Amino acid sequence: MLHSIQANGKKATREGFGDGLLEIGRQNPDIVALCADLTGSLKMHKFAEAFPERFFQAGISEANMMGIAAGLATGGKIPYTGTFANFSTGRVYDQLRQSIAYSHKNVKVCASHAGLTLGEDGATHQILEDVGLAKMLPGFTVINPCDYNQTKAATLAIAEHQGPVYLRFGRPGWPVFTPEDQPFEIGKAVLLAEGSDVSLFATGHMVWQAVEAAKNLAGEGISVELLNIHTIKPLDEEAVLESARKTGAVVTAEEHQRYGGLGDSIAQLLARRLPRPQEYVAVNDRFGESGKPLDLLNKYGLGVADIEAAVRSVLQRRATSHSTH
């Protein structure tokens, strides 16, 4: 099953958002789009050219953009806001909470250039706390797709979801490996490979890193069960529990701080319902820096080798725990 997962070239997840936005705009006349002076970076220019009467350029005024989006949602429109993830959460948190979440406005907050893979723009733009900020807001759905195809599918799917959504994606060209026609179901994990030794839960760009790690580990005789957790909130609790129950060992992988992200959501679930040893592959309480995306992932402990090491560690912990009982 693992060996059937192959990359079909590279394409940025932000391209998937731009193409998805254009497609859903053609399907639904209630879709409107707002951007904070980053139309090219978020690939929103196609929508803007096709539907100029439904596109609003807010300029470098992100808080105002969120307020306008809340107003458009009140009027029955389905607004998609677009800016960098840093500006989609940290800069506008008051507006997200007060104007969108509190009254459960139907706003789709679309956030590009997330995580370390933003690369050369450096630490001030590489937000690694945004998933935690978004998932703590009552009623917010948090989605972090893994490649171009899944980001496009997610962009279409969130239009049908009633309520606020945080859709997170990235800047660099990234391997495209999910099926073009795969349906996107909010809150439903995707099983990429069945395994018996360890459960590997990955999200966003880290899913491809996990695929490569799982293939390498298979060569060592380690059977990895790999799940793509594209929806961090609501978490597919039953899929997580079913896998963890089968393998008895868990590794989570995310391009985010280890505090507040996917790993914490899974740890809370396991603590409540099925305690199992868990290792995190995530940024350990640090800011990023300027550099090439893959170099940064490796430096900050998010490389393929780091996932492999986390798997070996959790298997050792499980073996030690069994030997003491």
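Remark: Asp121 matches the filter, which requires a residue to be acidic (Asp, Glu), within 28 Å of Ser290 (Cα to Cα) and over 17 Å from the mean Cα position of the chain (by Cα). Residues that are surrounded by fewer than 24 Cβ atoms within 10 Å (Cβ to Cβ) and not hydroxyl-bearing (Ser, Thr, Tyr) within the stretch 131-148 comprise Gly132, Leu133, Lys135, Met136, Leu137, Pro138, Gly139, Phe140, listed in sequence order.
The set of residues in the stretch 272-308 that are surrounded by 14 or more Cβ atoms within 10 Å (Cβ to Cβ), outside any strand (DSSP E or B) and polar (S, T, N, Q) comprises Ser290, Asn298. For Leu269, the conditions (1) surrounded by fewer than 20 Cβ atoms within 10 Å (Cβ to Cβ); (2) part of a helix (DSSP H, G or I); (3) touching a strand residue (DSSP E or B) at 6+ places or on another chain (Cβ under 8 Å) all hold with the exception of (3). Only residues that are over 17 Å from Ala69 (Cα atoms), assigned to a helix (DSSP H, G or I) and in contact (Cβ under 8 Å) with a residue 24 or more places away in the chain were counted across the stretch 28-52, and they come to 3. Residues of the stretch 232-248 that are surrounded by fewer than 24 Cβ atoms within 10 Å (Cβ to Cβ) and either in a loop (DSSP other than H, G, I, E, B) or touching a Lys or Arg at 6+ places or on another chain (Cβ under 7 Å) (or both): Lys233, Pro234, Leu235, Asp236, Leu241, Gly248. Of all the criteria given as (1) outside any helix (DSSP H, G or I); (2) without any contact (Cβ under 8 Å) to a residue 60 or more places away in the chain; (3) farther than 20 Å from Met65 by Cα, the one not satisfied by Gln6 is (2). Being of a type in the set (S, T, N, Q), farther than 30 Å from Ala319 by Cβ and crowded, with 20+ Cβ neighbours inside 10 Å is the filter here; which residues of the stretch 149-199 pass it? Asn149, Gln150, Thr151, Thr155, Thr178 - these are the residues of the stretch 149-199 that are of a type in the set (S, T, N, Q), farther than 30 Å from Ala319 by Cβ and crowded, with 20+ Cβ neighbours inside 10 Å.
No lab work stands behind these numbers, since they all come straight from the coordinates. Please read these numbers as outputs of a predicted model, since none were measured by experiment. So basically every Cβ, Gly included, is an ideal-geometry build from the backbone, and we count neighbours across all protein chains shown.
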